[in-house]
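Bear in mind these aren't lab numbers, they're just calculated from the coordinates by the rules spelled out. In this text the structure is predicted, and so the values were computed from the model without any measurement. FYI the Cβ positions are ideal-geometry reconstructions off the backbone, even for glycines, and counts take in every protein chain you see.
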Amino acid sequence: MSKQLVLLDHDGGVDDYLATMLLMTMDHIQPLGIVITPADCYAEPAVSATRKILDLMECSHIPVAQSTVRGINPFPRLYRRDSFIVDHLPILNQSETIRTRLLAEPGQDFMIQVLREAPEPVTLMVTGPLTTVAIALEKAPEIEAKIQRIVWMGGALNVAGNVDKNLEPGQDGSAEWNVYWDPISAARVWQTQIEIIMCPLDLTNNVPVTSDIVYKVGKQRHYPLSDLAGQCQALVIPQDYYFWDVLATAYLAHPEFYQLREWETEIITTGLSQGRTKIVPEGRKISAMDTVDKEAFYAYILQQWAQ
């Protein structure tokens, strides 16, 4: 069976690093590179941590590029500082040098190049905002034909968003952060004909990072990936934290774990609901991950991190 071509675009949160690790364990996937969108992170430590993870996993041949896009509504500093913590974890700092290449060109230009040169259409695995994708499409509209689909962690359809209206004045609490960071770009991607498979909060709210799963990962800590995953998960265990990006990424390996449902939607770009993914008649059709076999998902990630 030929390998599925995948370009990962993540935004440097703790779950983005875990999703990166998971993607690199998938046998039937050929990763073409990693783009880091500077949203839920500080860019330099996020790039550094990603490169160190690839070194640890002996994937240093996979190039990394830093996107230079900017959002409209910045993530809270408290969230973003986790990128510094992960970059300083002992397991990632056993070597003096980083072997994985950081490309000179911006991530949006690298995305264009990868799509243009790919021998067949590529899956974009996006675990942050859609800004880099939107900018790449603006600069090179022809690449739309080279995108097989976008699998995206983002949006909230029939549940409340995760943007706290008490902390973000002028927001009604309906937005999800990956949309809210830059709703204009999300709306731009919604205007394309690209197949979009969303992993919304509706589903991720059911798959929390629990003490039980962290303890199970800890029992595997003689495996380097479990050691790193456990350290990352321990960092977020006091928070309301979910397997947002990991759940979305696992779909690439095991779509049979999930049930999809089609919705007609639009992205709200202004006003109190800025960043909301709203269900509307005659809206843009997307597929959303609706249910997941939780036990199979948890077992799968434990298995993949036993390396």
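Within the range 4-19, the set of residues being among the hydrophobic types (A, V, I, L, M, F, W, C) and either under 19 Å from Q231 (Cβ atoms) or part of a helix (DSSP H, G or I) (or both) comprises V14, L18, A19.
Restricting attention to the range 171-192, the residues being among the aromatic types (F, W, Y) and more than 21 Å from R80 (Cα to Cα) number 1. Any residue at all in the range 179-201 that's more than 30 Å from A140 (Cα to Cα), aliphatic (A, V, I, L, M), in contact (Cβ under 8 Å) with a residue 24 or more places away in the chain and not in a loop (DSSP other than H, G, I, E, B)? Checked against the condition, which is being more than 30 Å from A140 (Cα to Cα), aliphatic (A, V, I, L, M), in contact (Cβ under 8 Å) with a residue 24 or more places away in the chain and not in a loop (DSSP other than H, G, I, E, B), the range 179-201 yields at least one hit. In this structure, is Q113 more than 19 Å from D11 (Cβ to Cβ), in contact with a helix residue (DSSP H, G or I) (Cβ under 9 Å, 6 or more places away or on another chain) and polar (S, T, N, Q)? The answer is no for Q113. Once the range 139-188 is narrowed to residues that are touching a Pro at 6+ places or on another chain (Cβ under 9 Å) and β-branched (V, I, T), the residue that is farthest from L201 (Cα to Cα) is I147.
Please determine, by comparing only the residues of the range 248-283 that are under 17 Å from N178 (Cα atoms) and polar (S, T, N, Q), which one is surrounded by the fewest Cβ atoms within 10 Å (Cβ to Cβ). This residue is T270. Of all residues in the range 278-297, at least one satisfies being in contact (Cβ under 8 Å) with a residue 60 or more places away in the chain and touching a Cys at 6+ places or on another chain (Cβ under 7 Å). When the helices (runs of 4 or more DSSP H) confined to the range 219-307 are screened for residues that are more than 19 Å from the chain's Cα centre (by Cα), those reaching at least 1 such residues are found at 224-236, 294-304. Residues in the range 86-108 that are buried (at least 20 other Cβ atoms within 10 Å of the Cβ) and not hydrophobic (A, V, I, L, M, F, W, C): D87, T100, G107, Q108.
If the condition is being buried (at least 24 other Cβ atoms within 10 Å of the Cβ) and either assigned to a loop (DSSP other than H, G, I, E, B) or small (G, A, S) (or both), then the range 20-47 contributes T37, P38, A39, D40, C41, A46. For beta carbons closer than 8 Å, sequence separation of 6+ or different chains, a first residue in the range 33-53 that is within 10 Å of F84 (Cα to Cα) and a second that is assigned to a loop (DSSP other than H, G, I, E, B) and among the basic types (K, R), the qualifying pairs are Y42/R81. In the set I184, I237, which member is surrounded by fewer than 17 Cβ atoms within 10 Å (Cβ to Cβ), under 23 Å from T20 (Cα atoms) and not hydroxyl-bearing (S, T, Y)? Answer to the selection: I237.
Before we move on, is F75 touching a residue at least 40 places away in the same chain (Cβ under 8 Å) and part of a helix (DSSP H, G or I)? Spelling it out, it is not the case that F75 is touching a residue at least 40 places away in the same chain (Cβ under 8 Å) and part of a helix (DSSP H, G or I).
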